[in-house]
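Trainee: Handing you this structure, nothing more for now.
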Amino acid sequence: MTETADVLVLGLGPAGASAAAEAARRGCKVIALDRKLEPGRPVQCAEFVPALIDADVAGAVRQRIDAMATFVEDDAADLQQNFSGHMLDRAAFDASLVARAARAGAHCRFGRSVARLAKDGVAHLGDGSLIAARVVVGADGPRSRAGKAIGSVNTEMVETRQITVPLRRAHAATAISLSADIPGGYGWLFPKGEAANLGAGVSPAHKARLKSIVARLHAGLGERVGREILALTGGAIPVGGMLKPWGRLGEALVLLAGDAAGLANPVTGAGIAAAVHSGRLAGEAAARGAPESYQEELEDLFGPALDRALRRRRELLEQVPSKAALRRGWIAYPEYWQ
């Protein structure tokens, strides 16, 4: 038998949980699925969000961030004050969003994978069960099955590797490393209390170098951090800009949100805030059946910033970047915004 719903949400990260909550609040029967066994785990995120994120993060904050230090090659750090944000416990953050969706009436199910979306919009699950919905919200990450089904596919990616290490001296600034030796990306150190997330992202052609790049960054921090590796993660980030965020499979409307819609920033890789906001808009559009207005809202909200970031990213990829080019390609410098 085929189970039915008004809205089927694929993925219960920030985008999917936000979409499920919004659609359920508007009276829709919502089924939301995630292949993970529990919200947010394993963590595949640097866990930083800007202070202006449109979500309640209070219960998941590990540390406040006040500034950003940027290192260009071997130059001394350029410190940007008033760069405020929060380091999250991403698993706790995701769990709080899922709990909110459940309170709104969404049926949230974990350990459930979607094998494919058929041409009629019916979801075929890995266990052989079927779910049919009027609207499918694809919030299932950069390699979204929903996006593939409607032909909206992220083709430009950055591959990442991140370790968590002990932090021996507490501080409230993120540290960014820009170098021609980190092609197509950058290195980062994000403090979170007694530990820090240390990682790097590169173009896929250089993925094999990631382990050595992160090890070099680790060694270069000297006594600031411990040698022990507390956790290891990584994954792909879409960096090609926004995709067309909707399509149809038979009578079913398909909407994309978050990374599935290509909303991660092509320069910084940041995507949590965009995921939350686009998820809410997708839930609203699912309830109203209004894909064109959903696309217009995403373009108005994210289009200019994504377009600028994509231009800067592609400028860097066209050359072996000089220090001046690296500065022009990073958000901390006025050249980026010109």
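The values are calculated or read from the model by the stated rules, or taken from the named source; none is laboratory data. No experiment lies behind these values; they were computed from the predicted model shown. Virtual Cβ from ideal backbone geometry, glycine too; neighbours counted across all protein chains shown. Calculation scope for accessible area: heavy atoms of the full protein, side chains included, ligands and nucleic acids excluded. Shrake-Rupley method; radii C 1.70, N 1.55, O 1.52, S 1.80 Å.
Trainee: Find how many whole Å separate the alpha carbon centroid of the range 146-178 from the alpha carbon centroid of the range 38-93.
Mentor: The distance from the Cα centre of the range 38-93 to that of the range 146-178 comes to 11 Å.
Trainee: What do you get for GluC sites (Glu not before Pro) in the range 137-244 restricted to DSSP loop and a cutoff of at most 15 other Cβ within 10 Å of the site's Cβ?
Mentor: Within the range 137-244, the qualifying GluC sites (Glu not before Pro) (loop, at most 15 other Cβ atoms within 10 Å) are Glu194, Glu228.
Trainee: Estimate the FRET efficiency between Arg311 and His124 by the formula 1/(1 + (r/R0)^6), using the beta-carbon distance for r and 56 Å for R0, to the nearest 0.05.
Mentor: With a Förster radius of 56 Å, E is 0.90.
Trainee: Once R0 is set to 56 Å, what does the formula 1/(1 + (r/R0)^6) return for the Cβ-Cβ distance between Arg169 and Ala102, expressed as a FRET efficiency to the nearest 0.05?
Mentor: 0.90
Trainee: How big is the chain along each principal axis, measuring the range of its Cα positions in Å and listing the largest first?
Mentor: Over the chain, Cα extents along the principal axes are 62, 38, 35 Å.
Trainee: Right, here's the next one. What length, rounded to one decimal in nm, is gained on full extension from Arg288 through to Ala115, with 0.36 nm per residue of separation minus their alpha-carbon distance?
Mentor: Residue separation times 0.36 nm, minus the Cα-Cα distance, leaves 59.5 nm.
Trainee: Report, to the nearest whole %, how much of the accessible area of the chain belongs to carbon and sulfur atoms, 1.4 Å probe, protein only.
Mentor: The nonpolar share, carbon plus sulfur, comes to 51 percent.
Trainee: Counting pairs of alpha carbon atoms under 8 Å apart in space and at least six apart in sequence, what relative contact order in percent does the range 128-274 give?
Mentor: Computed over the range 128-274, the figure is 33 percent.
Trainee: Lysine pairs, Cα distance under 21 Å, 8 or more residues apart or cross-chain: how many in the chain?
Mentor: Number of lysine pairs found: 4.
Trainee: What is the gain in length, in nm to one decimal, between Thr2 and Glu194 on full extension, counting 0.36 nm per residue of separation less the C-alpha to C-alpha distance?
Mentor: 64.2 nm
Trainee: For the range 200-338, what is the per residue volume of the convex hull drawn over the alpha-carbon atoms, in cubic angstrom?
Mentor: 161
Trainee: Over the range 104-176, what relative contact order in percent results from Cα pairs under 8 Å that are six or more residues apart?
Mentor: About 17 percent, as a whole number.
Trainee: For the chain, calculate the relative contact order in percent as a whole number, restricting contacts to Cα pairs under 8 Å that are 6 or more residues apart.
Mentor: Result for the chain is 21 percent.
Trainee: If I model a spin label as a point 7 Å beyond the Cα along the Cα-Cβ vector, how far apart are those points for Val153 and Arg26 in nm?
Mentor: Result for the modelled spin labels: 3.0 nm.
Trainee: If you stretched the chain out fully between Ala58 and Ala215, how much longer would it get, using 0.36 nm times the residue separation minus the C-alpha to C-alpha distance?
Mentor: Stretched out fully, the Ala58 to Ala215 stretch lengthens by 53.2 nm.
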